[in-house]
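These notes concern the structure reproduced below.
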Amino acid sequence: MTAIRQMTYQPVGDGGVTVETMTFERLRELNDGGTQRADFHVLGVVDAGHGRVTVDFLEHPLRERSAVWVPPGAVHRWDDIAGVTGHIVLFVPTAPVTRATRKLVASPEPVARWSVPEAEWPFVDAARNHLLLEASAPPGGRSPELPEILLSALIARLRPPREAAQSANPTFLLFRAGVEAHFREHHDAGFYAQSLGYAPRTLSRAVQRATGRTAKAFIVERIVLEAKRLLAHDRLSATDCARVLGFPDAANFSVFFRNATGLRPGAWQAAATVE
């Protein structure tokens, strides 16, 4: 099995450090053009320039006064960022300190890229600069709480968009959390309905209202996404993907993946691999 590609970013969370920052200039120095997959959040604030970022195999443009959010586990790649200026903020999931920002961070499906309204930009810029100033303090003079407080202020000012129907549906939120925790072991909607105390039809209707998809389709999409991540970034074989994702064998996984994507795992991996 091919080794996982080395991360562009420094580890976050080691030694008690929960928030780190870097410029796009520094990112360009470290970026090898390959895919990245971190166990922490990657939040980009673009001041100027044009570029692209691919997050979980969807391409997003980077523009002046825009932001990009890559959650833990997402496979992403920075493309054509030679003229981009701004900053990257790296933080562990537990870093935000306010209730609202913790709720935003806990969502497994954040919007990957959005534009910051011109009227809001001065406030975003001020919040970002305050965080950068605190992050630049010498280790002996740095407060352990201030970066987390200032990160929360920046997230609140950026106002990452969320799907209103999803966030307002408590049944769906419980279902989504359950899928995120157990999709590798449980592929059937009945398991989640039973664990939440709902009839399968009741659960499926709630998921349909929130997402436009059935509960079964939502589970399939989550498994397929993880399979794509494992194939494209970790370079796992179909046999290893089957093992990690709870399928009885490679043949069973291959049929599932082909039904969902139209391609066999190996063919999809070959097309998605970027050297």
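Only one of the listed residues (Phe191, Phe218, Phe175) is without any contact (Cβ under 8 Å) to a residue 40 or more places away in the chain, assigned to a helix (DSSP H, G or I) and either within 30 Å of Trp268 (Cβ to Cβ) or touching a Leu at 6+ places or on another chain (Cβ under 9 Å) (or both). That residue is Phe191. Only one entry of Arg229, Arg205 meets the criterion of being surrounded by 14 or more Cβ atoms within 10 Å (Cβ to Cβ), assigned by TED's automatic domain parsing to the domain that holds Phe253 and touching a strand residue (DSSP E or B) at 6+ places or on another chain (Cβ under 6 Å), and that entry is Arg229.
Which residues, taken from region 125-157, are in contact (Cβ under 8 Å) with a residue 24 or more places away in the chain and not in a helix (DSSP H, G or I)? Correct list: Pro144, Glu145.
Within region 60-71, residues that are assigned by TED's automatic domain parsing to the domain that holds His87 and closer than 15 Å to Phe123 by Cα reach partners that are part of a strand (DSSP E or B) and of a type in the set (S, T, N, Q) with beta carbons closer than 9 Å, at six or more positions or on different chains, in the pairs Arg65/Ser115; Ser66/Ser115; Ala67/Ser115. Considering region 177-193, and only residues there that are crowded, with 16+ Cβ neighbours inside 10 Å and not hydrophobic (A, V, I, L, M, F, W, C), the residue that is farthest from Val244 (Cα to Cα) turns out to be Tyr192. Within region 93-105, does at least one residue satisfy the condition of being in contact (Cβ under 8 Å) with a residue 12 or more places away in the chain, assigned by TED's automatic domain parsing to the domain that holds Glu20 and in a strand (DSSP E or B)? No, region 93-105 has no match at all. Restricted to region 244-262, and to residues there that are among the hydrophobic types (A, V, I, L, M, F, W, C) and farther than 17 Å from His233 by Cβ, the residue that is farthest from the chain's Cα centre (by Cα) is Ala251. Look at (1) closer than 23 Å to Arg77 by Cβ; (2) under 23 Å from the mean Cα position of the chain (by Cα) and you find that Ala267 fails only one, number (2). Just wondering, is there one or more residues in region 164-179 that are among the hydroxyl-bearing types (Ser, Thr, Tyr), under 30 Å from Thr202 (Cα atoms) and in contact with a helix residue (DSSP H, G or I) (Cβ under 7 Å, 6 or more places away or on another chain)? So far as region 164-179 goes, yes, one or more of its residues are among the hydroxyl-bearing types (Ser, Thr, Tyr), under 30 Å from Thr202 (Cα atoms) and in contact with a helix residue (DSSP H, G or I) (Cβ under 7 Å, 6 or more places away or on another chain). Taken over region 230-275, the residue count meeting the criterion of being in a loop (DSSP other than H, G, I, E, B), aliphatic (A, V, I, L, M) and either touching a helix residue (DSSP H, G or I) at 6+ places or on another chain (Cβ under 7 Å) or more than 16 Å from Val220 (Cβ to Cβ) (or both) is 3.
The values are calculated or read from the model by the stated rules, or taken from the named source; none is laboratory data. Bear in mind that the values here come from a model prediction, so they are computed numbers and not experimental data. For neighbour counting, all protein chains shown are included, and Cβ atoms are generated from backbone atoms with ideal geometry for every residue, glycine included.
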